[in-house]
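In what follows, a single structure is set out as C-alpha cells and then discussed.
Derivation of every value follows stated rules applied to the coordinates shown; laboratory data play no part. Keep in mind the model is a prediction, meaning the values are calculated, not measured. Quick reminder, even Gly has a Cβ in these numbers, built from the backbone with ideal geometry, and neighbours come from all protein chains shown.
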Amino acid sequence: MQNRFVLISGCSGGGKSTLLAELRARGYRVVEEPGRRIIADELASGGKAMPWIDPAAFLRRAIEVALGDMGSAKAHSGWVFFDRGLVDAASALEALTGEPVLRPLCATHRYHRRVFMAPPWPEIYVTDPERRHGFETATAEHQRLMETLPALGYDVIGLPKTSPSARADFVLATLAADPTPAA
C-alpha cells in the first residue's frame, strides 16, 4: 500500500516545497515538511524543540510527525507526495546522537522505492526564520541522505535544476514509467 508514498528529499533550499506546491496545484495529495511545521509550532508556543536550540528533541518530534503523516496518508488513494519525512529525520537523529533508530524505523515504514532528491542549488538557496542554517550545512545534509537512501534500498533519482512545472512533469513521468502500481 505504501508504494504510492513518494518521498521528495535532498538539499535544504533545493526547491522541494516549490515542486510540491506544483504537484498540489495539479491535484495530487502533498504532505508538508515535518520540520517546518514543528518550527512554526515551537516559535508560536515558545518551545525549545528547534534545530538551533535542541536538535535531538526537534528530530525526535520530526520522527513522530513523519510517522503520523504516513498513518494519515493511508486514507488517501493514488500518489501521496511527502516533503521530507521519516528517513530524513531518523538519519539526522542517528548521525547526531548515535542512536540506532534509522534501520528499525525505515524497515517498517517504507516509501515508494524511487526517492526524488533535490540537489544543492546555490542560485536559489535562501535562509528564512525556519531555515537558519547555511548552504554548507545543507550540502552536508544532502550528502548524508545520498549515502543513507541507497543503503536502505531506495533508488535515488536526482531532480533536474529546472522550473517547478518541468520538475513535476519529470517526477510524474518517472513514476508513470515505473512497473510498481500507483494504488
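What is the sum of charges around residue 96, taking Lys and Arg as +1, Asp and Glu as -1, for the other residues whose C-beta is under 14 Å from the C-beta of residue 96?
Working: positive: 60, 61, 144; negative: 54, 88, 94, 99, 141.
Summing Lys/Arg as +1 and Asp/Glu as -1 gives -2.
Give me the number: length gained by fully extending residue 48 to residue 172, i.e. 0.36 nm times residue separation minus the C-alpha to C-alpha distance, one decimal in nm.
Values: separation 124, 0.36 × 124 = 44.64 nm, distance 3.82 nm.
Result for the pair: 40.8 nm of gain on full extension.
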*Return the distance in nm (one decimal) between the two label points of a simple spin-label model at residue 140 and residue 163, each offset 7 Å from Cα along Cα→Cβ.*
3.7 nm
*Net charge, residue 146 excluded, C-beta distance under 14 Å - Lys, Arg +1, Asp, Glu -1*: -3
*Which lysines have a Cα lying under 20 Å from the Cα of residue 161, excluding residues fewer than 8 positions away in the same chain?*
16
*So how strong a dipole does the stretch 1-95 carry about its Cα centre when Lys and Arg Cβ are +1 and Asp and Glu Cβ are -1, to the nearest 20 debye?*
300 debye
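Starting from the Kirkwood Rh over alpha-carbon pairs, what translational D in µm² s⁻¹ does the stretch 1-110 have by Stokes-Einstein at 4 °C and 1.567 mPa s? Intermediate values should be presented prior to the final figure.
On the way: Rh = 14.4 Å.
Value of D from the Cα-based Kirkwood radius: 90 µm²/s.
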